[in-house]
């Protein structure tokens, strides 16, 4: 027997592939359940499901409705952070979101992408780290292997392909530095999220 790339498979390879396929089907089913949970307009109920899925987040942080995930057990969110509606959080590699982080609606955070130059179109993983007091504007895209520094700002619609230093404002496609953030010692609390969102 051969795999999709024409490699001959041993019986151990076949058993591993069967086991991996079963695990993948269960994960995909649970991700569908989490997608349905995203329609529940009560923060606490959604948080319970997300935490039971392995997502590490305190009760004083919030993920608004209609979020989607890959592998939530690799996602960690700090205190007093708010993730906007329709966001995508990728946990195929570690994703760390700090405290007092405000991520606007429809932000996509990826830590896996295909290697377009690989003969088998293989995956290329890279952790994403978002430090404390970061603001990410609507519809921004964060790509694998990126660290966004403390207090940095990502403008709406930006595509972040490289690390952003502390307290810098970046925007554009691909994102580059626009200016410095004037606030250098943030101590604010984002506070209560909107109800029924």
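Structural remarks
- Residue check: residue 50 meets all listed conditions (1) in contact with a helix residue (DSSP H, G or I) (Cβ under 9 Å, 6 or more places away or on another chain); (2) surrounded by fewer than 20 Cβ atoms within 10 Å (Cβ to Cβ); (3) at pLDDT 95 or above; (4) not in a loop (DSSP other than H, G, I, E, B) but one, namely (2).
- For the range 1-39, a tally of residues being surrounded by 13 or more Cβ atoms within 10 Å (Cβ to Cβ), within 21 Å of residue 196 (Cβ to Cβ) and in contact (Cβ under 8 Å) with a residue 24 or more places away in the chain returns 3.
- Those residues of the range 57-98 which are part of a strand (DSSP E or B) and crowded, with 19+ Cβ neighbours inside 10 Å, in sequence order: 62, 63, 69, 70, 75, 77, 82, 83, 89, 90, 95, 97
The values are calculated or read from the model by the stated rules, or taken from the named source; none is laboratory data. All of these numbers come straight from a predicted model, not from anything done at the bench. Ideal geometry is used to build each Cβ from the backbone, glycine not excepted, and the neighbour counts take in all protein chains shown.
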